Amino acid sequence: MAQPTDVFMQVQAPNLADQRVLDETVTMSPIEHIRTVDAEAGIGRRTLLRTTGNLAYSYSAQIDVTRPVHDMSTLAAVAPHKLPGDVVRYLMPSRYCLPDEVQDLVGAGFDHLSGGTRIAAIRDMIFNNFEYVIGSSDARTTAVDSYANRQGVCRDYAHVLISLARAAAIPARFVSAYAPNVKPQDFHAVAEVYLDDAWHLVDPTGMARADETVRIGVGLDAAEVSFLSSFGPMTLYSQAVGVTVVK
């Protein structure tokens, strides 16, 4: 960066009821300004930076995940009129997730199902019919595009599931995460659905288990949970993510 540039980063794992940060270390090159603010839904933190020149940033942490794995098909839907106020927004259309536009794409394929049974069927449909293709989508690709092309990467898989869940009046949100067994290893994206009065992780790529996934942040879609946003010219030279399970 040849001129002063503002950068937002969201890569640190938060302490939550089902994941506890045991140890973490952040190192970075000299910068002009730094502060942290709460991220969407109060889950996670955004680091707001201002810097000139090269920026090197490293984050490492040990996280204890204590999240149980539920059988999705046993979870009941919550009627929209009974939803908590802070959950209602996750029924709404967003930049990449367009429930009104995907409702007709699946016809009556899932109409006979409800709640977690419907989510499980949607998850399995995406897993069985989509192809994971790096470079097949970009910042303009919506869930409608991904559904039509039957391909994408983790963010696209999550956007499709979120859109179809919202079309069924089931609140769903986008989750940026760390998870082992993601190939190629990178920041991962999964969905989270609101069933039985709680949020439940679901990964239509099939790569991440709920009890091994570490949430970084949540949002309506990927636009709200970017790991790096630049408000000025920037070139990304390198990026590496590594996640291992410690028994």
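The values are calculated or read from the model by the stated rules, or taken from the named source; none is laboratory data. Bear in mind that the values here come from a model prediction, so they are computed numbers and not experimental data. Positions of Cβ are backbone-derived with ideal geometry, glycine not excepted, and every protein chain shown enters the neighbour counts. Protein only, heavy atoms only, side chains kept; ligands, DNA and RNA dropped before computing areas. Shrake-Rupley method; radii C 1.70, N 1.55, O 1.52, S 1.80 Å.
Can we say residue 61 is of a type outside the set (S, T, N, Q) and closer than 13 Å to residue 193 by Cα? In short, no. Among the candidates 221, 203, the residue that is of a type in the set (Asp, Glu), open to solvent by less than 10 Å² (accessible area, probe 1.4 Å) and under 12 Å from the mean Cα position of the chain (by Cα) is uniquely 221.
Scanning the range 59-89 for residues that are surrounded by 10 or more Cβ atoms within 10 Å (Cβ to Cβ) and basic (Lys, Arg) returns 67, 89. Looking at the range 25-58, which of its residues are open to solvent by less than 60 Å² (accessible area, probe 1.4 Å) and acidic (Asp, Glu)? Across the range 25-58, the qualifying residue is only 40.
Among the residues of the range 34-90, how many are among the hydrophobic types (A, V, I, L, M, F, W, C), in contact with a helix residue (DSSP H, G or I) (Cβ under 7 Å, 6 or more places away or on another chain) and either assigned to a loop (DSSP other than H, G, I, E, B) or closer than 26 Å to residue 240 by Cβ (or both)? I'd like the intermediate steps shown before the answer.
Pass one, the range 34-90, residues among the hydrophobic types (A, V, I, L, M, F, W, C): 34, 37, 39, 41, 43, 48-49, 55-56, 61, 63, 65, 69, 72, 75-79, 83, 87-88.
Now narrow it down to the ones that are in contact with a helix residue (DSSP H, G or I) (Cβ under 7 Å, 6 or more places away or on another chain): 65, 69, 72, 75-77.
Then drop every residue that is not either assigned to a loop (DSSP other than H, G, I, E, B) or closer than 26 Å to residue 240 by Cβ (or both), which leaves 65, 69, 75-77.
Final tally of qualifying residues: 5.
When the range 99-115 is examined, which residues are found to be open to solvent by less than 80 Å² (accessible area, probe 1.4 Å) and either in contact (Cβ under 8 Å) with a residue 60 or more places away in the chain or out of contact with any Lys or Arg (no Cβ under 6 Å at 6 or more places or on another chain) (or both)? Result: 99, 102, 105, 106, 107, 108, 109, 113, 115. Mind listing whichever residues of the range 116-145 are in contact (Cβ under 8 Å) with a residue 24 or more places away in the chain, open to solvent by less than 40 Å² (accessible area, probe 1.4 Å) and either in contact with a strand residue (DSSP E or B) (Cβ under 6 Å, 6 or more places away or on another chain) or part of a loop (DSSP other than H, G, I, E, B) (or both)? Matches in the range 116-145: 116, 119, 130, 141, 142.
Exactly one condition in (1) over 20 Å from residue 189 (Cα atoms); (2) acidic (Asp, Glu); (3) assigned to a loop (DSSP other than H, G, I, E, B) is false for residue 100; which is it? Unmet condition: (3). Scanning the range 174-181 turns up at least one residue that is out of contact with any helix residue (DSSP H, G or I) (no Cβ under 8 Å at 6 or more places or on another chain), modelled with pLDDT of 95 or more, among the aliphatic types (A, V, I, L, M) and not in a helix (DSSP H, G or I).
Applying a threshold of 6 Å to beta carbon distances and a minimum spacing of six or more residues, or different chains, the list of pairs starting in the range 1-21 at a residue that is open to solvent by 50 Å² or more (accessible area, probe 1.4 Å) and ending at one that is modelled with pLDDT of 95 or more and not charged (D, E, K, R) reads 8/48; 15/21.
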